[in-house]
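Asks: One structure coming up, written as C-alpha cells, with questions to follow.
The values are calculated or read from the model by the stated rules, or taken from the named source; none is laboratory data. Bear in mind the structure is a predicted one, so any value in this text is a computation, not a measurement. Here the Cβ positions follow ideal geometry from the backbone for every residue, glycine too, while neighbour counts run over all protein chains shown.
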Amino acid sequence: MASPEGFGSSSSASVRDAARDSIEGRTRGLRALLPFLGPAFIASVAYIDPGNFATNISGGAQFGYNLLWVILLANVMAMLLQSLSAKLGIATGLNLAEMCRREFPRPVVYGMWIIAEVGAMATDLAEFLGAAVGFNLLFGMPLLAAGILTGLCTFAILSLERYGFRLLEAVITVLVAVIAVSYVVETVLARPDWGQVAYHAFVPWVSGDSALLIVGIIGATVMPHVIYLHSSLTQRRIVPRDEGEARRIFGFEIVDVIIAMSLAGIINMAMLYMAASVFHGSGYDEVGSIEQAYLTLTPLLGGLASTVFAISLLASGLSSSTVGTMAGQVIMQGFVDFSIPIWLRRLVTMLPAIVIIALGWNPTEVLVISQVTLSFVLPIPVISLVLLTRRRDLMGSLVNRPITNVLAMACAAIILLLNALLIYITLGGILPGASS
C-alpha cells in the first residue's frame, strides 16, 4: 500500500525486517533506532528553508539577539505538532489530509484543501527562489537561468524515490548535514556573544517594528505543509500489529522528531545570531536581503564566510523544494482523492517563481511575505490535527493526553494572537517601543 506517488509509506524489506527486530526487542540502542529515523529529517528540511534565511537574517540584522526567543518557541511548537502528525499516521494508517476528508463535512474539506494549496504554493515559492539565489551567488549565473536549473535539480532528486524511499531520505539528510556544517563554520567565524544568545533565547521581547518579522519567523519555522506530509511518511512505513506495537513505534518516532527538530532549531538560531553578531553588531542594521548578507559577509568575515553561506542556501533550497513538492502531492490526494504526475506539479509550482524572477522583484521581500502567509495558513492544520488526535475512537491507545491537547491548542492560540497583532500593526496600531 502506498501513499501519493509512493512517498514514504511502503517500507523496503530490509527496513521492515530491521524495524521488526527493534519492536520485538532483538536489537537495542542506536541499532534499534536506525530503521525509524528519516521521516522527521525530511520534515525538518522545511524548518530550515530559504524563508528562514530571509526572516532570520532580517531579524538578526535589525534587532540583534532580541528575537532568538521566537525561534526557540517556534521550535518547541514544531516538535509537538510534528509528533502529533507522526502519531496520527501510525495510529490510523491515514495521513492528516485523508483523515480530514473522511471525518469533516465536504464543504469544509474543500475549503481546507484550497487553504492548504495556498500554503503549499507560498512554501514552494520561497524554496524555489532560495535555491535560485544560491546558484546565482555561487556561480554568478542570471537568476532566470538559475531558476530553470533549480527546477531540473529538483526533478532529479525526486526521481530517486523510484529506487526506494531510503535513498531519497539519505540525499535529503546529506543536504541537511551540509547546512548544519555550514553554520558551524559561520558560528566559528562570527564569534557571537554567548551571554546574549542565552539571555534572549528565553526572555521575550516585542516591539511594533518587530511584529512582521516575529510572525514571519513563526510562519517560516512551523510549516503547515509538513504537518500534512509527516503523517504520510509514517502512515504505512512500519505497520503495527497491535496497539502495543503502535506505542513502541511512536516511541522511536519521538526520538526521530527530537533529534531532527533540535538540529533544525539550532541551525535557525545560528542564522539569527550570526546576523546579530556580524551585521547588527557592526552597524549594518539595514541588511535585509540574502544578497546583501552575502555581499556584506566578505568584507566583514572574508570570502570563506560568504561562500559557505551561499552553499548552505543552495542546499536548503534544493532539499526544501523537493520536500515541498512531496507535500503538495499528499495534500491534493488526501483532500480530494486526486493526484497529478509529480513532474507536472513541479512544473506548475515553479512558474510563479520564474515569473517573479523575470519581473525583477526582490527575492528576499517575496520570501518574507511568503512566510507571513504561511503563518496565517498554519492554524488550520494545527486545529484539525488536535481535533483528530484527541479522539480515542480514531487513535486508540495513542490518543492525546489532556495536557497534550492543552499544549497543542496553546500553539494555535499563539499563532492566532501573533497574526492578530500583525493585523493591528498593519491597520495603524502602535505597540510600546515602536518607532513612529
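Asks: Looking only at residues that are at pLDDT below 80 and aliphatic (A, V, I, L, M) in region 323-342, which one is surrounded by the fewest Cβ atoms within 10 Å (Cβ to Cβ)?
Replies: Across region 323-342, the extreme among qualifying residues is 340.
Asks: Could you tell me whether region 108-122 includes any residue that is surrounded by fewer than 24 Cβ atoms within 10 Å (Cβ to Cβ), touching a residue at least 60 places away in the same chain (Cβ under 8 Å) and in contact with a Gly (Cβ under 7 Å, 6 or more places away or on another chain)?
Replies: Scanning region 108-122, I find no residue that is surrounded by fewer than 24 Cβ atoms within 10 Å (Cβ to Cβ), touching a residue at least 60 places away in the same chain (Cβ under 8 Å) and in contact with a Gly (Cβ under 7 Å, 6 or more places away or on another chain), so the answer is no.
Asks: Can you report the number of residues in region 104-154 which are out of contact with any Phe, Trp or Tyr (no Cβ under 9 Å at 6 or more places or on another chain), among the polar types (S, T, N, Q) and at pLDDT 85 or above?
Replies: 1
Listed here are the residues, each with its yes/no results for (1) assigned to a helix (DSSP H, G or I); (2) under 27 Å from residue 242 (Cα atoms).
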{"site": "376", "(1), (2)": "yes, no"}
{"site": "380", "(1), (2)": "yes, no"}
{"site": "385", "(1), (2)": "yes, yes"}
{"site": "400", "(1), (2)": "no, yes"}
{"site": "409", "(1), (2)": "yes, no"}
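Asks: Being part of a helix (DSSP H, G or I), of a type in the set (S, T, N, Q) and farther than 29 Å from residue 353 by Cα is the filter here; which residues of region 14-71 pass it?
Replies: Listed by number, the residues that qualify are 14, 22.
Asks: Ok, one more. Every residue in region 173-193 that is assigned to a helix (DSSP H, G or I) and surrounded by fewer than 16 Cβ atoms within 10 Å (Cβ to Cβ), please.
Replies: Residues satisfying the conditions are 174, 177, 181, 184, 188.
Asks: With respect to residue 131, determine if the residue is closer than 30 Å to residue 313 by Cα, surrounded by 24 or more Cβ atoms within 10 Å (Cβ to Cβ) and of a type in the set (Gly, Ala, Ser).
Replies: Yes.
Asks: Among the residues of region 80-94, is any surrounded by fewer than 24 Cβ atoms within 10 Å (Cβ to Cβ), out of contact with any Pro (no Cβ under 7 Å at 6 or more places or on another chain), within 30 Å of residue 199 (Cα to Cα) and of a type in the set (Gly, Ala, Ser)?
Replies: For region 80-94, residues surrounded by fewer than 24 Cβ atoms within 10 Å (Cβ to Cβ), out of contact with any Pro (no Cβ under 7 Å at 6 or more places or on another chain), within 30 Å of residue 199 (Cα to Cα) and of a type in the set (Gly, Ala, Ser): present.
Asks: Next up: Among the residues of region 358-374, is any buried (at least 23 other Cβ atoms within 10 Å of the Cβ) and at pLDDT 80 or above?
Replies: no
Asks: Has region 77-90 got at least one residue that is outside any helix (DSSP H, G or I) and more than 30 Å from residue 274 (Cβ to Cβ)?
Replies: no
Asks: I would also like to ask the following. Given the options 262, 232, name the one that is in a helix (DSSP H, G or I) and more than 21 Å from residue 96 (Cα to Cα).
Replies: 262
Asks: Now for a separate question. Residues to consider are 126, 170; find the one that is free of Cβ contacts under 8 Å to residues at least 12 places away in the same chain and part of a helix (DSSP H, G or I).
Replies: Exactly one of 126, 170 is free of Cβ contacts under 8 Å to residues at least 12 places away in the same chain and part of a helix (DSSP H, G or I), namely 170.
Asks: Same structure, new question: Residues 231, 262: which one is hydroxyl-bearing (Ser, Thr, Tyr) and out of contact with any Asp or Glu (no Cβ under 9 Å at 6 or more places or on another chain)?
Replies: 262
Asks: Any residue that is within 27 Å of residue 313 (Cβ to Cβ) and either hydrophobic (A, V, I, L, M, F, W, C) or touching a Pro at 6+ places or on another chain (Cβ under 6 Å) (or both) - is there at least one of those in region 239-250?
Replies: No, because not a single residue in region 239-250 is within 27 Å of residue 313 (Cβ to Cβ) and either hydrophobic (A, V, I, L, M, F, W, C) or touching a Pro at 6+ places or on another chain (Cβ under 6 Å) (or both).
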